[in-house]
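Some notes on the structure that comes next.
The values are calculated or read from the model by the stated rules, or taken from the named source; none is laboratory data. Just so you know, these numbers come straight off a predicted model, no measurement behind them. Here the Cβ positions follow ideal geometry from the backbone for every residue, glycine too, while neighbour counts run over all protein chains shown. Accessible surface is based on the protein model in full, side chains and every heavy atom, while ligands, DNA and RNA are left aside. Shrake-Rupley method; radii C 1.70, N 1.55, O 1.52, S 1.80 Å.
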Amino acid sequence: MPADTAAELESLLDSARSEGQFSAASWAVGSSTSTLGSCVLGTPSESDEVGIGPRTLFDLASVTKPIVGLTLLRLVDRGLVALDTTVGEVLLDWPDGPMAHADLRSLLTHTSGAPGPTPLFREHGDRESLLHALARLEFTAPGQWCYSSMGFIALGLVAERVGGAGLDDLVHREITGPLGMRDTRYGPVDRGDAVATEACPWRGRLVRGTVHDENAEMLGGVAGHAGLFGTAEDLGRLGAALLRGSLLEPALQDAMTGRRDGRPLGWWPRERCSFLDGTFDESAYGHTGFTGTSLMIDPSRDRWFCLLTNRVHPTREPRGFERVRADFHAAASRGSW
């Protein structure tokens, strides 16, 4: 590990922690063959005194999405479903609404017209009611990018139906098990193993060990858009596999990375990752999570970059974390790994 780069990253994140950006952080950088540097710092919550370790779990939030997307793409690879299949062709019992007519490719690329953040949990107090409301959401005209967690909830349900198992089991069967991601799983997880997220007014408690996303909690903690807990080491295993192209057949691997049309399947294209500096070219892709997490893949340099924090602890009020994320990636990218 280059001592100067590692020290710079640790100092950067330690300063951010002192500013109250988060109580805990874990980072790792690597290639298709190895982890080149990593570190953990901070405590699980602002009131804890004992520091976190490499296996302390972070709520991955929307970094769940590309992992669920990969799970579904593995089923596509085996011919169990096609990318031009619509939700309604798989979920035959769904109402004949806009979501039923959306195809899997458009949902994976956020171009279906499905709406952005929608707090369905506020008016729908159980899983069945929330899913009924999801099926009837109004869409905008398809074709333009509109980031949608709602679409990924539907994709998770499609994966379950096609794969013949619950989403938690499918993710383990297709992704985390084969890659040896021993700690990455859906919650709930033991409170003592996880960092805290928000002191949540809606729940009336500090969230720790259960999913932060409210829609995901209403769905039982297992959903296509949020719910996974994991470590930087585990996400590094995923990053390395993506660089090697070992999860998908070559044609689908190219489509997944966006090489064909600039629209990665399940991931954000480079143009949407505004926190990356000019050292990342157009082949880069990745995803962030609301809780302060991210995994970025840079195929041109054979590098992956993972940053996990609990930036929503103790509240989700903005405190400038976007600057921290940008500074981390800039420093990590410049490093002589």
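Which shape class applies to the stretch 64-116: rounded if a/c is under 1.5, otherwise prolate when a/b exceeds b/c and oblate if not, where a ≥ b ≥ c are the square roots of the Cα gyration tensor eigenvalues?
oblate
Using the Cβ atoms and a cut-off under 14 Å, what net charge is assigned to the surroundings of R161, where Lys and Arg are +1 and Asp and Glu are -1?
Around R161, the surrounding residues sum to -4.
What spacing in nm lies between the two simple spin-label points modelled at V50 and A326, each 7 Å away from Cα in the Cβ direction?
Once both label points are built, they end up 3.9 nm from each other.
Within 10 Å, count the other beta carbons around each residue, average over each peptide in 94-102, 147-155, and list them highest first.
Numbers: 94-102: 18.2, 147-155: 25.1.
With the highest mean Cβ count within 10 Å placed first, the list reads 147-155, 94-102.
Keeping all protein chains in the complex and leaving out DNA, RNA and ligands, what accessible area do you get for E138 with a 1.4 Å probe, in Å² to the nearest 10?
Approximately 140 Å² for this residue.
For the chain, report the accessible area per residue in Å² (1.4 Å probe, heavy atoms, rounded to an integer).
Using a 1.4 Å probe on heavy atoms only, each residue of the chain averages 39 Å².
Quote the FRET efficiency, to the nearest 0.05, computed for E282 versus T33 with a Förster distance R0 of 25 Å and r equal to the Cβ-Cβ distance.
In this case the efficiency is close to 0.55.
Which one of T109, T293, T140 has the biggest mean-square fluctuation once the chain is modelled by GNM with Cα springs under 10 Å?
T140
Under a Cβ-Cβ cut-off of 11 Å, what is the net charge of the residues other than F305 that fall near it, where Lys and Arg count +1 and Asp and Glu count -1?
Spelling it out: positives minus negatives among the neighbours equals +2.
Within the accessible area of the chain, what % is carbon and sulfur when the probe is 1.4 Å and the other protein chains stay in place? Could you put the intermediate results ahead of the total?
Details: 6410 of 13300 Å².
Carbon-and-sulfur percentage of accessible area, whole number: 48.
Can you give the net charge of the other residues whose Cβ lies under 15 Å from the Cβ of L276, counting K and R as +1 and D and E as -1?
Spelling it out: positives minus negatives among the neighbours equals 0.
Let a ≥ b ≥ c be the square roots of the eigenvalues of the Cα gyration tensor of the stretch 245-332; is it rounded (a/c under 1.5), or, if not, prolate (a/b larger than b/c) or oblate?
prolate
Order these peptides, 124-133, 39-48, 235-244, by their mean beta-carbon neighbour count within 10 angstrom, highest first.
Packing proxy ranking, top to bottom: 235-244, 39-48, 124-133.
Summing -39500 (n - 2.57) over the DSSP H runs of n ≥ 4 in the chain and dividing by its residue number, what mean residue ellipticity at 222 nm do you reach, to the nearest 500 deg cm²/dmol?
The helix contribution divided over the chain gives -9500 deg cm²/dmol.
To the nearest 0.05, what FRET efficiency results for R173 and D84 with a Förster distance of 35 Å applied to their C-beta separation?
0.90
Determine, for each peptide in 204-215, 23-34, 176-187, the mean count of other beta carbons within 10 angstrom over its residues, then list the peptides with the highest first.
Peptide ranking by packing, descending: 23-34, 204-215, 176-187.
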